[in-house]
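First comes the structure, then the notes that go with it.
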Amino acid sequence: PEILDCLLQAEHEFREQRKTQTRIKASRLKQKASFEDFDFSAKRNLSKSQIKDLYSLQWLRQGRPLLIIGQTGVGKTFLAKIFGWKACQANQRVLFTTAMDMLNHLLASQVDHSLIRKLKTYTEPALLLIDELGYLSLDQQTSNLFYQVISTRHSQKRSSIITTNTPFSDWGNILFNTTIATAIADRL
């Protein structure tokens, strides 16, 4: 009986590790990002204790979004990936994408009439990491698609992380107009 228990435990651990590796691969996170590798010496508005609190993923369990706003080079993307890796290890489906990559895929799906299916790619994961919002301004069509993703995730209580170097006050400039920007900000 003890040998059988050990074998069953080893099999269970192996399967869990394999599931985690599958989730990580599907997440498109690519390289591993860990809390231990994060550079806390850079100037940020977040303290180490605040980052540790976010690392607990309580906000993810509550279905709340996380916005990481800051200048280029302060580690926004790396921090988002740390939370993504932790979520994969916590048995959550995660997807990492840049804002423009997601929007380009959604635009292309309109041409071949697969928009509803493609939207599910971005609305179904427990955590969606959208990197680099604000590097390029969006037109009305892409702003509307971005709104659809954020609004659906909000109504389904699914968490998103958005990294951007653009403060909220300037979102009207990148999200076509202030009406769309306000609607998106309201859901975040």
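The values are calculated or read from the model by the stated rules, or taken from the named source; none is laboratory data. Source: prediction; values computed, not measured. Cβ sites come from the backbone with ideal geometry, for glycine too, and all protein chains shown count toward neighbours. All accessible areas refer to the heavy atoms of the entire protein, side chains included, with ligands and DNA or RNA removed. Shrake-Rupley method; radii C 1.70, N 1.55, O 1.52, S 1.80 Å.
Return yes when A87 is within 15 Å of P125 (Cα to Cα), within 15 Å of the chain's Cα centre (by Cα), open to solvent by 30 Å² or more (accessible area, probe 1.4 Å) and among the small types (G, A, S) and no when it is not. Criteria not met by A87.
R15 meets each of the listed conditions (1) free of Cβ contacts under 8 Å to residues at least 60 places away in the same chain; (2) in contact with a strand residue (DSSP E or B) (Cβ under 6 Å, 6 or more places away or on another chain); (3) not aromatic (F, W, Y) apart from (2). With respect to the conditions (1) open to solvent by 60 Å² or more (accessible area, probe 1.4 Å); (2) at pLDDT 95 or above, A108 lacks only one, and its number is (1). Taken together, the residues in region 141-163 that are over 15 Å from T179 (Cβ atoms), open to solvent by less than 10 Å² (accessible area, probe 1.4 Å) and within 15 Å of the chain's Cα centre (by Cα) amount to 7. For R117, the requirement of being over 23 Å from A80 (Cβ atoms), modelled with pLDDT of 95 or more and of a type in the set (K, R) is met. Here is the figure for region 164-187: residues that are small (G, A, S) and under 18 Å from the mean Cα position of the chain (by Cα) total 1. Of all the listed residues (Q92, Q140), the sole one being in contact (Cβ under 8 Å) with a residue 24 or more places away in the chain, over 28 Å from D170 (Cβ atoms) and polar (S, T, N, Q) is Q92. The condition of being assigned to a helix (DSSP H, G or I), open to solvent by 40 Å² or more (accessible area, probe 1.4 Å) and not aliphatic (A, V, I, L, M) holds for only one of E132, E36, that being E36. Restricted to region 1-27, and to residues there that are under 17 Å from the mean Cα position of the chain (by Cα) and of a type in the set (A, V, I, L, M), the residue that is surrounded by the fewest Cβ atoms within 10 Å (Cβ to Cβ) is A26.
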